[in-house]
Amino acid sequence: MLSQQEPTNTSTESNNPLSKKLSPSWVRYLLLLTGSGVLLGTVAIYLGNYAYRQWQYTQKYLQTDNAHVTAEINPVTTRVSGIVTEITFNDNQIVSPGMVLVKLDKSNYQLSLAQAKISLELAKQQAALAREKILKIVIDIPEPQPVRKNENAQIEQRALIKKRALQAQVLNYQKRLNEQQYKIALATFTQKQVEVKKAQLELDYTNIATVVGGLVGNKNVQVGQQVLPGQTLLSIMQPRPWIIAYFPEKQLEKIQPGQKVKITVSAFANQQFQGKVDSIAFIPQDNLTSNSAFSNSLHQIPVKIVFDESSIQGYESRFNPGMSAVVKVETK
């Protein structure tokens, strides 16, 4: 009988010495290490490129999100007291310079103006009468006449001259008195002219108009309200906003007036505006905060940035003071 032979092992595993030394778990571990090394290398390259790009960016731009929109706000006040009879504007309305916004009751001021005009006319008449009194006084001092030789004639002549001299003194005194009265009448007339102008101004002030144009806000008036001189009735925001951005003081050496600025306002996040550095604000020493416990901290210095007018076209009335912004100043 033929002897039964064991089957021969022809697999490659018997011919691979490394497979006899490494278990499958070690193979997986090596592959994992290799993959991790490649991944870490890729991440390191990415981070290096990112850091380089960031360095390049900071060399060209200075950026801060500590910025906000501001604008010139003009209060509209009343110069005279009175009852509000009419309001001619709506909330958040755009108004133009010289537009009458609030009207006050005119009756008392119309009466004051009429009385002032009457007083002026009376003062004018009194001044005219005082002037006529001056013109009526004529001082006539007679020329000396030849004196006769008889004694009685000489006595009469001397008495006449003395009488005329006394009359001249009286007339001179009266003339000076009339001239003084005329000066007083003229001063009174001038004063009454001033009173008429004042009464006219007060009447005109019952129509409260804005000096500047812009967006109406902070309305604080209603029909029937009693208002007093100096009271703020509303505010006008002018349509020329700008940005105040705060930068650490060490960055100011790179910031110069005229540099281009990219501006993003949070309220209009999808719109980028253009502007330029206008100036670096002066801050009084008392307003600079410092803390000895943090001696390395930097002061934040405000920088004024103005918009390019073409950049904000259509948005002028939509900006509100206090809106947050992000600015990028192009330093190179």
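The values are calculated or read from the model by the stated rules, or taken from the named source; none is laboratory data. Just so it is clear, the model here is predicted, and its values are computed rather than measured. Just so you know, the surface numbers come from the protein's heavy atoms only, side chains and all, with ligands and any DNA or RNA stripped out. Shrake-Rupley method; radii C 1.70, N 1.55, O 1.52, S 1.80 Å.
Key figures
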| quantity | calculated |
| --- | --- |
| Residues with amide H under 5 Å from that of ASN220, placed H, sequence gap 5 or more | LEU234 |
| Amide proton proximity set for THR331, modelled H, under 5 Å, gap of 5+ | TYR61, LEU62 |
| 5 angstrom amide H check on LEU101, placed H, neighbours 5+ away | ILE208, ALA209, THR210 |
| Residues of region 202-260: accessible area per residue with a 1.4 Å probe, Å² | 52 |
| Residue-level accessible surface for LEU120, protein heavy atoms, 1.4 Å, Å² | 40 |
| Region 175-280 - Kirkwood radius from inverse mean 1/r over Cα pairs (Å) | 20.6 |
